[in-house]
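Following: one structure in structure tokens, then a few remarks.
The values are calculated or read from the model by the stated rules, or taken from the named source; none is laboratory data. Predicted model, so just to flag it, every value in this text is computed and none were measured. Cβ atoms come from the backbone with ideal geometry, glycine included; neighbour counts cover every protein chain shown.
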Amino acid sequence: MGMIKIIQSVKSGKKWFESTEPVSFEADEKGEEMNLLMVYRNIRHQTIKGFGGALTQASGYTYFKMSDVVKKEFLKACFSKDGLNYSLGRTHIGSCDFSFGNYSYCDKPGETGLESFSIACDSSYLLPFIKDICDYRGEPLPLLASPWSPPAWMKSNGEMLHGGYLLPEYYGVWADYVVKYIKAYREQGFEVRYITVQNEPKAVQIWESCVYSAQQEKVLVRDYLYPALQNAGLGDVGILIWDHNKERVFTRSSEIFEDEKVRDMVSGIAFHWYSGDHFENVGLCREFYPEKDLFFTEGCVELASKTTVMAQKALEGSTEEISAENSPWEFGECYAHDMIGNFNHGMNGFLEWNVLLDEKGGPNHVGNYCGAPIIYDTVKEKMILQPSYFFIGHFSKFIPTGSQCIAHSCYTSKLETASFLTPAEDCVVVVMNPQTKPVPYSLKDTVSGKITSLVAPAKSISTVVYKLM
């Protein structure tokens, strides 16, 4: 009748990826009505394009602080089928906050021909980091590349920091700059498959940033960036718009796609999580722009979140400080909650922020430290897997590229659930119970009519895998 494999992680004792005894389906002779989690594997939605994380200069630097043995452990943890099975990477065009300082690939003011363009500044850490990953995989890692800022001389404020905007007279030069970047990376053997127009185009930050209105983004794509890619023979590189928080992901997309010509030029929409859930906005993008890929391209647990959790710990009478070695379970729950909500509303792909950082949550040239799924303590020379690593893994280890989200219905909001069908026709159901008490449920496969009774332990996340004809 089909066996069910269950892989669980439970807060009690911090048990990760434990396989339970296989469970059998049985006929639903009673016509069960209560406690149902209904799975409709015949109702298929968007295709999954992969999971991954950001490959920054900071991540590369931290990687090269490792011994050769630990490097292999890291590569296995991220890029093997026994690890997170990452199949995508995001990187930065020029410097970002997780770099050692401001840099661009052409710093000569007014050099509109970009004669001195060079990616040599990436050669110390970033390029060899990506190369090691590709060598480990035995094939190129598809990359999504995002600019944090054009060179200072192309901008209204004359610097890479503090926002400013790209001067209209440099739109064409900037498009040529992006083309040169893609070609230079491809010459290194790296596959730049997507670009975003700008990382967080609404944000004025103390680090690299550049502001675009919807109209400016539209004009840049339509009149400069897309034509430059086509003319350079780079029509296979997909353009993603927005690349900022979800509260405006639909309104921004609507403004840009009012121009049908631009809509045809754009491959997808990218978004972050820092302004809250807003899953309905992702759903609106899926509903109104069904042909577009929807990518989550950045999210991390920040210091503000740590403050919140520490306040909760204080209420519970704990004085323990949070560090990489005792990161709260709830940091991981943040990831699963957002991934489940996004997948259920149409997301195609997931890219975490830095794949690797040091014990401080850096390095970062403006002190904008944050967490990562893998922390390498450069003092203790120790790699530490964070709760986020395991929560992401409950998806990425079991949902290969080419899988599809499928329909489901759950009897209670106490459980957070998402369901998928793999290319091999395995049904994968992720069930998170953020409650402090166990929650029972009866998993029913609606195609076969089979059913089984299960329990989601208190503070747990489970990946349920089965195959039925």
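For the range 236-247, filtered to residues that are touching a His at 6+ places or on another chain (Cβ under 8 Å) and not in a strand (DSSP E or B), the residue that is surrounded by the most Cβ atoms within 10 Å (Cβ to Cβ) is K246. The condition (being at pLDDT 95 or above, among the small types (G, A, S), assigned to a strand (DSSP E or B) and touching a Ser or Thr at 6+ places or on another chain (Cβ under 9 Å)) is satisfied by just one residue among A407, A418, A372: A407. Residues of the range 140-171 that are in contact with a helix residue (DSSP H, G or I) (Cβ under 8 Å, 6 or more places away or on another chain), over 28 Å from G89 (Cα atoms) and small (G, A, S): G158 alone. When the range 31-75 is filtered for residues that are closer than 27 Å to Y441 by Cβ and outside any strand (DSSP E or B), the ones remaining, listed by number, are G31, E32, E33, M34, N35, I48. For F129, state whether it is of a type in the set (F, W, Y) and part of a loop (DSSP other than H, G, I, E, B). Spelling it out, it is not the case that F129 is of a type in the set (F, W, Y) and part of a loop (DSSP other than H, G, I, E, B). Could you go through the range 134-142 and let me know if any residue there is outside any loop (DSSP other than H, G, I, E, B) and in contact with a strand residue (DSSP E or B) (Cβ under 8 Å, 6 or more places away or on another chain). Within the range 134-142, not a single residue is outside any loop (DSSP other than H, G, I, E, B) and in contact with a strand residue (DSSP E or B) (Cβ under 8 Å, 6 or more places away or on another chain). I'm trying to understand the selection: among the residues of the range 421-462, which are closer than 21 Å to F343 by Cα, touching a Gly at 6+ places or on another chain (Cβ under 9 Å) and either modelled with pLDDT under 95 or not in a loop (DSSP other than H, G, I, E, B) (or both)? Of everything in the range 421-462, those that are closer than 21 Å to F343 by Cα, touching a Gly at 6+ places or on another chain (Cβ under 9 Å) and either modelled with pLDDT under 95 or not in a loop (DSSP other than H, G, I, E, B) (or both) turn out to be D445, I461. Here I399 meets each of (1) over 19 Å from the mean Cα position of the chain (by Cα); (2) assigned to a loop (DSSP other than H, G, I, E, B) with one exception, condition (1).
Do the conditions hold for F390, that is, is it in contact (Cβ under 8 Å) with a residue 40 or more places away in the chain, part of a loop (DSSP other than H, G, I, E, B), touching a strand residue (DSSP E or B) at 6+ places or on another chain (Cβ under 6 Å) and aromatic (F, W, Y)? Considered against the rule, which asks whether it is in contact (Cβ under 8 Å) with a residue 40 or more places away in the chain, part of a loop (DSSP other than H, G, I, E, B), touching a strand residue (DSSP E or B) at 6+ places or on another chain (Cβ under 6 Å) and aromatic (F, W, Y), F390 comes out as no. Among (1) in contact with a helix residue (DSSP H, G or I) (Cβ under 7 Å, 6 or more places away or on another chain); (2) surrounded by fewer than 21 Cβ atoms within 10 Å (Cβ to Cβ), there is one condition G233 misses while meeting the rest; what is its number? Condition (1) is where G233 drops out. Before we move on, is S156 in the same structural domain as L88 (by TED's automatic domain parsing) and in contact with a Lys or Arg (Cβ under 7 Å, 6 or more places away or on another chain)? The answer is no for S156. If we scan the range 219-234, do we find a residue that is at pLDDT 95 or above, at positive phi and outside any helix (DSSP H, G or I)? Yes, the range 219-234 contains a residue that is at pLDDT 95 or above, at positive phi and outside any helix (DSSP H, G or I).
Every residue, every condition in (1) assigned to a loop (DSSP other than H, G, I, E, B); (2) touching an Asp or Glu at 6+ places or on another chain (Cβ under 8 Å); (3) modelled with pLDDT under 95; (4) surrounded by fewer than 22 Cβ atoms within 10 Å (Cβ to Cβ), yes or no:
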residue	(1), (2), (3), (4)
V249	no, no, no, no
S254	no, no, no, yes
D264	no, no, no, yes
F271	no, yes, no, no
G276	yes, yes, no, yes
V282	no, no, no, no
E287	no, no, no, yes
P290	yes, no, no, yes
T297	no, yes, no, no
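Pick from the range 76-93 the residues that are within 21 Å of Y194 (Cα to Cα), of a type in the set (S, T, N, Q) and in a loop (DSSP other than H, G, I, E, B): which of them is farthest from the chain's Cα centre (by Cα)? Looking at the filtered set, the residue picked out is N85. Pairing each residue of the range 316-344 that is assigned to a helix (DSSP H, G or I) with any residue that is modelled with pLDDT under 90 and crowded, with 19+ Cβ neighbours inside 10 Å, provided the two are 6+ apart or on different chains, yields C-beta distances under 6 Å for F331/V301.
Every residue, every condition in (1) of a type outside the set (K, R); (2) in contact with a helix residue (DSSP H, G or I) (Cβ under 9 Å, 6 or more places away or on another chain), yes or no:
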{"site": "K11", "(1), (2)": "no, yes"}
{"site": "K30", "(1), (2)": "no, no"}
{"site": "E33", "(1), (2)": "yes, no"}
{"site": "R41", "(1), (2)": "no, no"}
{"site": "H45", "(1), (2)": "yes, yes"}
{"site": "F51", "(1), (2)": "yes, yes"}
{"site": "L55", "(1), (2)": "yes, yes"}
{"site": "Y63", "(1), (2)": "yes, yes"}
{"site": "E73", "(1), (2)": "yes, no"}
